[in-house]
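Engineer: My structure is below; once you've seen it, I'll send some questions.
The numbers here are math on the coordinates, done by the rules we state, and not lab data. Fair warning: this is a prediction, and the values are worked out from it, not measured in the lab. Cβ sites come from the backbone with ideal geometry, for glycine too, and all protein chains shown count toward neighbours.
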Amino acid sequence: MKTTRSGAGPFLERPYFRDREVEDICEEALRSTGHLPANPGPVRIERFLEKRFQVVPSYEELPAGVLGYTEFGKNGVQAIYVNRALAEEDTKVANRRVRTTLAHEGGHGLLHAHLFAFEVDYCSLFDRNADITQTRILCRDEPATTANTDRYDGRWWELQANRAMAALLLPEKLLWEGLDPFLEQRGTLGIRALPETKREDAIRALAETFDVNAVVVRLRLARITPPDSGQMSL
């Protein structure tokens, strides 16, 4: 991990994670807690959070538009909260959004806890006018609904947490295994690629396999198999 001067948010420095670093951090965290599935399938994300951070996610009434938040202290994650209304909706889409929210908060825990260890006394990661303490990162509605992972208006911490969310719910190696039936060999080198004609079928199948909403798979595939090429990015 490198750091750069932050042009947005209250922190003086912004941690910079390469995509490969995020993948490795998330895979190691899942593996070390015994929650990396042996085969393509749903990650037990709530149990992972309990094991990794020693906290049990709490379902509470939260402000409109807030899906959840993570509370930090000098020793790392102190609590993770999820909007109770989302959980009580009890539909497949809503339940999967709960999983997305939990993984997003886990991303903050894995990537951003060190920021609070050093700066908890005077930094906040959101609007200074918000009715929230300085030790919390709010997860608003955008990460689960936007079609573009980069649309965070300069909120780099949300972009990073969302990339970790995708890596936690669809671990890279397992994702490739799940994609295998949809890949075709191209060219004399036999490069494996995802044809555009099969992309939507792959998205639907992977959403069921990993128990996530299709938008999460679509965002994940957009990074590793760009639509304009279909070739998997290593």
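Engineer: For GLU88 and ALA214 in one chain, what is 0.36 nm times their gap in residues minus the Cα-Cα distance, to one decimal in nm?
Structural biologist: Length gained between GLU88 and ALA214: 43.3 nm.
Engineer: Can I ask one more? Using a Förster radius of 25 Å, what is the FRET efficiency between GLU196 and ARG20 based on their Cβ-Cβ separation? Nearest 0.05, please.
Structural biologist: 0.45
Engineer: Run the simple label-point estimate for GLU50 and HIS114 please: 7 Å along Cα→C-beta, distance reported in nm.
Structural biologist: It is 2.9 nm.
Engineer: Among ILE80, ILE25, rank each residue by its count of other Cβ atoms within 10 Å, from fewest to most, as a rough exposure measure. Present the calculation step by step, with values, prior to reporting the outcome.
Structural biologist: Numbers: ILE80 24, ILE25 18.
Ascending number of Cβ neighbours within 10 Å: ILE25, ILE80.
Engineer: Check ARG14: other-chain or 5+ apart residues with amide H under 5 Å from its amide H, H built from backbone geometry?
Structural biologist: THR4, ARG5, SER6
Engineer: Charges only on Cβ, +1 for Lys and Arg, -1 for Asp and Glu: so what's the dipole of segment 173-224 about the Cα centre, in debye to the nearest 20?
Structural biologist: In debye, rounded to 20, segment 173-224 gives about 240.
Engineer: Given R₀ = 25 Å, FRET efficiency for ASN95-ASN39 by Cβ-Cβ distance, to 0.05?
Structural biologist: Result of the calculation: an efficiency of 0.70.
Engineer: Around ILE191, which amide H atoms from residues at least 5 apart in sequence, or from another chain, sit under 5 Å from its own amide H, with H modelled in the peptide plane?
Structural biologist: Sorted by chain and number, the residues that satisfy this are ARG186.
Engineer: So, by mean Cβ neighbours within 10 angstrom, what's the order for 192-200, 156-164, 101-109 with the highest one leading? Display every interim value, and only then the final one.
Structural biologist: Values: 192-200: 15.1, 156-164: 22.4, 101-109: 27.1.
Ranking the peptides 192-200, 156-164, 101-109 by packing returns 101-109, 156-164, 192-200.
Engineer: Does segment 12-59 classify as rounded, prolate or oblate by the C-alpha gyration tensor (a ≥ b ≥ c root eigenvalues; a/c under 1.5 gives rounded; else a/b over b/c gives prolate, otherwise oblate)?
Structural biologist: The shape class here is oblate.
Engineer: Next up: First check a/c for segment 173-224, with a ≥ b ≥ c the square roots of the eigenvalues of its C-alpha gyration tensor; if it is under 1.5, answer rounded, and if not, answer prolate when a/b is larger than b/c or oblate otherwise. Could you put the intermediate results ahead of the total?
Structural biologist: Working: a/c = 2.17, a/b = 1.96, b/c = 1.11.
It comes out prolate by the Cα gyration axes.
Engineer: Hey, can you grab everything whose amide H is under 5 Å from the amide H of GLY68? Only 5+ residues off in sequence or another chain; H modelled, so Pro and N-termini drop out.
Structural biologist: HN-HN under 5 Å from GLY68: ASN83, CYS139.
Engineer: With an 8 Å Cα cut-off and a minimum separation of 6 or more residues, compute the relative contact order for segment 173-224 in percent.
Structural biologist: So the answer I get is 25 percent.
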